[in-house]
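Structure first, commentary second.
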Amino acid sequence: MEASGAPREARARVARLLGIAAYLALAASVLSLLLVGAVPKGRGLAVEIAAGLGYVALALLSLQLALGARARRVVNALGLDAVLLFHRQVGLWTAAFVAAHVVLLAVAEPWYVAHLLDLSASAPRALVLAFALMALLLLVLVPRQLTRLRIPYEAWRVGHGLLAVTVVGIALWHVLTLGRSSATPAKQAAVTALVAVPAAVLVASHLLRPLMALRRPWRVAEVRRERDRVWTLVLEAAGHDGLRFQPGQSVWLTLGRSPLSPRQHPFTIASSAASPGRVELTIKELGDFTRAIGRTPAGARAYLAGPYGAFALDLRSPRPLVCVAGGIGVTPMMSMIRTLHDRGDRRPVLLVYASGAVDKIVFAQELDDLARAMDLRVVHVIESPPPGWTGEGGLIGRELLDRHLTDRYEGAEVFVCGPEPMMNVVERALRDRGVPGGRVHAEHFVLVGSRPPGRRSTREEHIRVLSAGIALILLVAVLLVAAVRAAPAGSADQGGLSVPPQLGAAPS
């Protein structure tokens, strides 16, 4: 049975590669429209590059809508944190492509850009285009400063979605009404489909899926205080068979009578996967929504969307399990440990659990009980240990891991979840120990807002490199298509600048 984990890792790698290839193909396919039909006369290389950048930017904006839909197949293959990090990085590159599109046009055809933004020529058009540029800037910058700006999560979520849809709509209008390269009905239909399909996926995700959730409500059975500012919300399926999930996965929770409420938040499931009709979410008070969790009345209605995430234990593999958790990051580990206990699984399990103080340890008594009932070893690491503390103290580091990762845990699946600085240290230490990256699973809780100080995680670095690579490939494709289109007119276009034609059609 040892080989059961390897095929899963191989399938995950294949899924990631296929996903990247599909994403690239969809983003680049729009350039094929520029290779069909006649090339407008009098356009130089700079204008053709600007046109290609504009088309690719529209494709990327459309795909951003699809990423925002949280398709379960995509999220469960890559991980929710990876999808959101990729969404954020691609947003930066999309803004860069739009900026390059505008700058190149301003250099090659300054008269045209001035005309588009001339209030006296067409105030509505100028204002709409200016609004779209400002909105795109807000979409890119605000999520990175959400915590500092103290914007409520729900307000950001609704505003971000509305702005994104508006920007994509304006971009589509810009291409259809002002573009000389999409003047035929067939091209306009293709460009419209490029936007309509991701938009439909987004609508299905945020409208149809919540409406379907009306048939699968949950009831709040109990609200249990675990520690100061830490609560467990116990939910029971109301009239259905519950939620089948893998230990470690998460759900989006909506409290109230309507699943369409914007107050929808992601939480990791802490309960055993062996009891799909009873889901427990352990939540720390951090914002307005979570601070009200303790006041949720028993019997209140709730809705769950999910399960989501690739941060999940493969129950078919007998490999040892090593969990490294910090603070509330222990919740997915509790789901894994509880599930193994309920299934009678005898694999060796090591939990290295960092807490700020002894009285901040969540699930302390239950972990002691589980350690006596199964092959579980719990190593508490107290950042500020009290006098007389005989366990580990300080922060988790390489030496501490070396002491406890004994031969019993050779070949283990390693799950890491907690504060970003701790995760960076642990991931680096595991890499230095030679633990294969495919057996190290990390769940990053920072989804929006400014990133905490410290080195970027391995996953974040990989996603940054991946998004940069995709942007580079798309840029090369734009340059190649532009060279093909500009070649016939290259000797007669006066150095690439076109003479002002009728002021109604844009070089896009």
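Quick note: the coordinates plus some simple rules give every number you see, no bench work behind them. Note that this is a predicted model, so its numbers are computed, not measured. Here Cβ is always computed from backbone atoms with ideal geometry, including for glycine, and neighbour counts include all displayed protein chains.
On the beta carbon distance between D402 and V358, with R0 = 25 Å, the FRET formula returns roughly 0.55. Take every pair of alpha-carbon atoms less than 8 Å apart whose residues are at least six positions apart; their mean separation over the length of the chain yields a relative contact order of 22 percent. Is the shape of the range 216-308 best called rounded, prolate or oblate, per the rule: a/c under 1.5 gives rounded, else a/b larger than b/c gives prolate, else oblate, with a ≥ b ≥ c the square roots of the Cα gyration tensor eigenvalues? Rounded. The range 245-274 and the range 398-437 have Cα centres separated by 28 Å.
Taking every DSSP helix (H) stretch of at least 4 residues in the chain, weighting each as -39,500 (n - 2.57) and dividing the sum by the residue count yields a mean residue ellipticity at 222 nm of -15500 deg cm²/dmol.
Counting only DSSP beta bridges with both residues in the chain, the antiparallel share comes to about 55 percent. Under the classification rounded if a/c is under 1.5, otherwise prolate if a/b is larger than b/c and oblate if not, where does the range 328-370 fall, given a ≥ b ≥ c as square roots of the Cα gyration tensor eigenvalues? Prolate is the answer for the range 328-370, as a/c is 1.5 or above and a/b outweighs b/c.
Structural descriptor for the range 216-308: relative contact order 40 percent, calculated from alpha carbon pairs under 8 angstrom and at least 6 residues apart.
So if we plug the beta-carbon distance of R377 and I473 into 1/(1 + (r/R0)^6) with R0 = 56 Å, what FRET efficiency do we get, rounded to 0.05? Given R0 = 56 Å and the Cβ-Cβ separation, E is 0.75.
Model label sites at R16 and R316, defined 7 Å from Cα along the beta-carbon direction, differ in position by 2.0 nm. Averaging sequence separations of C-alpha pairs under 8 Å and six or more residues apart, then dividing by the length of the range 321-452, give the relative contact order as a whole percent. That works out to 27 percent. Once the C-beta distance of L119 and L176 is scaled by a Förster radius of 30 Å, the resulting FRET efficiency is 0.85 to the nearest 0.05. Using Cβ point charges alone (K and R +1, D and E -1), the dipole size of the chain about the Cα centre works out to roughly 840 debye. Charging the Cβ of each Asp and Glu at -1 and of each Lys and Arg at +1, and nothing else, the dipole of the range 216-308 about its Cα centre rounds to 180 debye.
A quarter of the convex hull surface defined by the alpha-carbon atoms of the range 178-241 gives 8.7 nm² as the mean projection. Going from the fewest other Cβ atoms within 10 Å to the most, the residues T339, T458, T192, T406 appear in the order T406, T192, T458, T339. Relative to the longest principal axis of the Cα atoms of the chain, helix 123-141 runs at roughly 30 degrees. Toward the positive end of the charge dipole of the chain, with +1 on the Cβ of Lys and Arg and -1 on the Cβ of Asp and Glu, the farthest Cα among V352, S467, P185 is that of P185.
With the Cα gyration tensor of the range 321-452 giving a ≥ b ≥ c as the square roots of its eigenvalues, does the rule (a/c under 1.5 for rounded; else a/b larger than b/c for prolate; else oblate) give rounded, prolate or oblate? It is rounded, given that a/c, with a ≥ b ≥ c, falls under 1.5. Note the angle between two axes, namely the Cα long axis of helix 185-203 and the longest principal axis of the Cα atoms of the chain, as a number of degrees from 0 to 90, rounded to the nearest 10. Taking Cα atoms only, the helix is inclined about 20 degrees.
Kindly provide log₁₀ I(q)/I(0) values, in the same order as q = 0.06, 0.10 Å⁻¹, from the Debye equation applied to equal alpha-carbon scatterers of the chain. Values, matching the q order: -0.35, -0.84.
Just to confirm a number: summing +1 for Lys and Arg and -1 for Asp and Glu over residues other than P348 whose beta-carbon lies under 13 angstrom from that of P348, what do you get? Every neighbour counted, the sum reads 0.
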